[in-house]
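The structure appears below as structure tokens.
The values are calculated or read from the model by the stated rules, or taken from the named source; none is laboratory data. In this text the structure is predicted, and so the values were computed from the model without any measurement. Reconstructed Cβ throughout: ideal geometry from the backbone, glycine too, with neighbour counts over all protein chains shown. Just so you know, the surface numbers come from the protein's heavy atoms only, side chains and all, with ligands and any DNA or RNA stripped out. Shrake-Rupley method; radii C 1.70, N 1.55, O 1.52, S 1.80 Å.
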Amino acid sequence: MREDFLHFIWKHKKLPITNLVSTGGEAIEIVQVGTHNHLTGPDFFNAQIRIGSQLWAGNVEIHIKSSDWYAHNHEQDENYDTVILHVVWEDDATVHRKDNIPIPTLALKTYLSPKLIKAYEALFSKSGKRFINCEKQISGLDSFVLKNWLDRMYFERLEEKSTLILSLLKKSKNNWEEVLFVLLLKNFGLKINGDAFLSLAQSVDFTSVRKIGADTLQLESLLFGHAGLLDENNTDLYFRELKDEYQYVKRKFQCEDSNAVRPAFFKLRPPNFPTIRLSQFSNLYAGQNNLFRRLIDATSIEELYGIFSVSASEYWDTHYTFAKESKKSKKKLTKKFIDLLIINAILPLKFCHAQYHGKEIESNLIPIIIGIKKEDNLIIETFNNLKISAHNAMESQSLLQLYTNYCLKNKCLQCAVGNSLLKGNA
């Protein structure tokens, strides 16, 4: 038995609201279940319960066993002095408030329908399941319920990604352009070099970046140098040019020595080498005036593709690393890479910026995100096998949020899917 299941029972009144009897033999009638509290304190606030002939208004606390009241030290906490009913699965102890007055207790064990208990056990049983708890039932769920929940999952994911953005905003003293610089550079590093590129972005004085302006060579030298990619000795002419430029930039802007994490090359395909990504990033910044404003004002996926239509510097047409030549090819940002930047950096930034300024932007974001192809990975493929298909990036992002924050954590009772399945069996 799980406590959140008892919360579900109480919140959705999946038990008789009359003809209930406390463990002390008093008649109980539920007038109002109260408001579910997800913070500290009693589980439901402002409930109304008739106990005997007296109507009480106060709070309700829920536990698996009555003795959990003492295990959680509620008898010493004044926040629980207003509890009017203790709802439990099993009554194994008499519970008193801090003033030593006993609290009426309702034991649910004898009041729940066998059908609901069986549905609950089936949902959480791991027998024969390889992916998620509801994999045998989810395809039969009402499509309206599922769509509404997945729409919510996407915006919940945006809220989650806003945490880093707000942290960067606070650190930069509300400098949105600096936030964009840090966020974009992190996402240019993708999964393997994301943290290294984040440390690089935070090791660079953004005022120096702004002063460099449109000089691609200087920005590239600053990023390469701070990333530790110019530390070794190398006779390559472009390497020497970058290294000399880095020394000049350091002196000119009085840059402190970098403490950035050195990016990795191991396990990366050559197009994702940090040399290529940092050069592409430098050309993006040096080639754009008012990049932040252009991205914030963009209202279509086509505009965003146009902004990110950049390539690495000419040297990298024939190189992936210094000195070692390769077959000539323009190292342009691919559409797939730009899609990742839009999903993970630009749309969260636009969402966060609008919220910060008290503006509604959800309706502007949706046409952009649904214009991006769905992500292809094992999670999305497995949902597809369960007949839950993603047709665009909004739907694939929603499924990833659902899987990561609910399915993996067994939070079925906080999920509209699990709720709907149990309600249908109450």
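For the range 253-293, rounded, prolate or oblate, judged on the Cα gyration tensor with a ≥ b ≥ c (square roots of eigenvalues), a/c < 1.5 rounded, else prolate if a/b > b/c?
Taking the square roots of the gyration eigenvalues as a ≥ b ≥ c, the range 253-293 is oblate.
Amide H of VAL21 versus every other amide H placed in the peptide plane: which residues, excluding those fewer than 5 positions away on the same chain, fall under 5 Å?
Result for VAL21 returns ILE28.
Out of residues 5 or more away from VAL95 or on other chains, whose amide H comes under 5 Å of its own, with H placed 1.01 Å from N in the peptide plane?
Those qualifying (amide H under 5 Å, at least 5 residues apart or on another chain) are ILE103.
Give me the distance in nm between label points sitting 7 Å out from Cα along the Cα-to-Cβ direction at ASN100 and LYS335, one decimal.
7.8
Distance in nm between label sites at SER67 and PHE206, each 7 Å beyond Cα in the beta-carbon direction?
Going by the 7 Å Cα→Cβ label model, 5.6 nm.
State in Å² the accessible area per residue of the chain; use a 1.4 Å probe, count heavy atoms of protein chains only, and round to the nearest integer.
50
Once phi is turned into θ = phi - 60°, what whole-Hz ³J(HN,Hα) does the Karplus curve with 6.51, -1.76 and 1.60 give for every residue of the range 187-197, x standing for Gly and Pro?
Calculated HN-Hα couplings, in order: 6, 5, x, 6, 6, 6, 9, x, 5, 5, 5 Hz.
Tell me, in nm to one decimal, what length is gained between LYS324 and ASN385 on full extension, where the rule is 0.36 nm per residue of separation less the Cα-Cα distance?
17.5 nm
Can you list residues from other chains, or at least 5 along the same chain, whose modelled amide H is less than 5 Å from the amide H of ASN37?
When sequence neighbours closer than 5 places are left aside, the close amide H contacts are PHE44, PHE45.
What residue among LYS250, LYS331, LYS359 shows peak mean-square fluctuation when the chain is described by a Gaussian network model with Cα springs under 10 Å?
Top of the fluctuation ranking is LYS359.
Could you pull out every one of the aspartates and glutamates with an alpha carbon less than 15 Å from that of LYS11, ignoring same-chain neighbours closer than 8 positions?
Those aspartates and glutamates meeting the cut-off are GLU3, GLU29, ASP43, GLU61.
Could you give each residue of the range 155-166 its phi-based ³J(HN,Hα) in whole Hz, using Karplus coefficients 6.51, -1.76, 1.60 with θ = phi - 60°, and x for Gly or Pro?
Here the 3J(HN,Hα) series is 6, 5, 5, 4, 4, 5, 6, 6, 4, 5, 4, 5 Hz.
Output the relative contact order of the chain, whole-number percent, from Cα pairs under 8 angstrom with separation of 6+ residues.
Relative contact order of the chain: 14 percent.
Taking a ≥ b ≥ c as the square roots of the eigenvalues of the Cα gyration tensor of the range 270-397, is the shape rounded (a/c under 1.5), prolate (a/b larger than b/c) or oblate?
oblate
Once a ≥ b ≥ c are taken as the square roots of the eigenvalues of the Cα gyration tensor of the range 53-169, is the result rounded (a/c under 1.5), prolate (a/b larger than b/c) or oblate (a/b not larger than b/c)?
Oblate shape, in that a/c is at least 1.5 and b/c is the bigger or equal ratio.
Taking LYS373 as the anchor, which lysines have their alpha carbon closer than 21 Å to its alpha carbon, excluding any fewer than eight residues away along the same chain?
Those lysines meeting the cut-off are LYS147, LYS161, LYS191, LYS332, LYS335, LYS336, LYS350, LYS387.
Using alpha carbons only, how many degrees (0 to 90, rounded to 10) separate the axis of helix 237-253 from the longest principal axis of the chain?
70
Which percent of the accessible heavy-atom area of the chain goes to carbon and sulfur, probe 1.4 angstrom?
Whole-percent figure for carbon plus sulfur exposure: 49.
Using +1 at the C-beta of Lys and Arg and -1 at the C-beta of Asp and Glu, which of SER326, LEU341, LEU365 has the Cα lying farthest in the positive direction of the dipole of the range 307-413?
The Cα lying farthest towards the positive end belongs to SER326.
Can you tell me which aspartates and glutamates have their Cα less than 17 Å from the Cα of LYS170? Leave out same-chain residues fewer than eight positions away.
Hits, sequence-local ones excluded: GLU159, GLU160, GLU178, ASP205.
Per DSSP H run of at least 4 residues, take -39500 (n - 2.57); add these up for the chain, divide by its residues and hand me the 222 nm value, nearest 500 deg cm²/dmol.
When only DSSP H runs of four or more count, the value is -13500 deg cm²/dmol.
Output the 0 to 90 degree angle, nearest 10, between the alpha-carbon long axis of helix 274-286 and the longest principal axis computed from the alpha carbons of the chain.
80
Can you work out ³J(HN,Hα) from phi for every residue in the range 56-65, in order, using Karplus 6.51 cos²θ - 1.76 cosθ + 1.60 and θ = phi - 60°, giving whole Hz and x for Gly and Pro?
Residue by residue, the range 56-65 yields 10, 10, x, 10, 10, 10, 10, 9, 5, 10 Hz.
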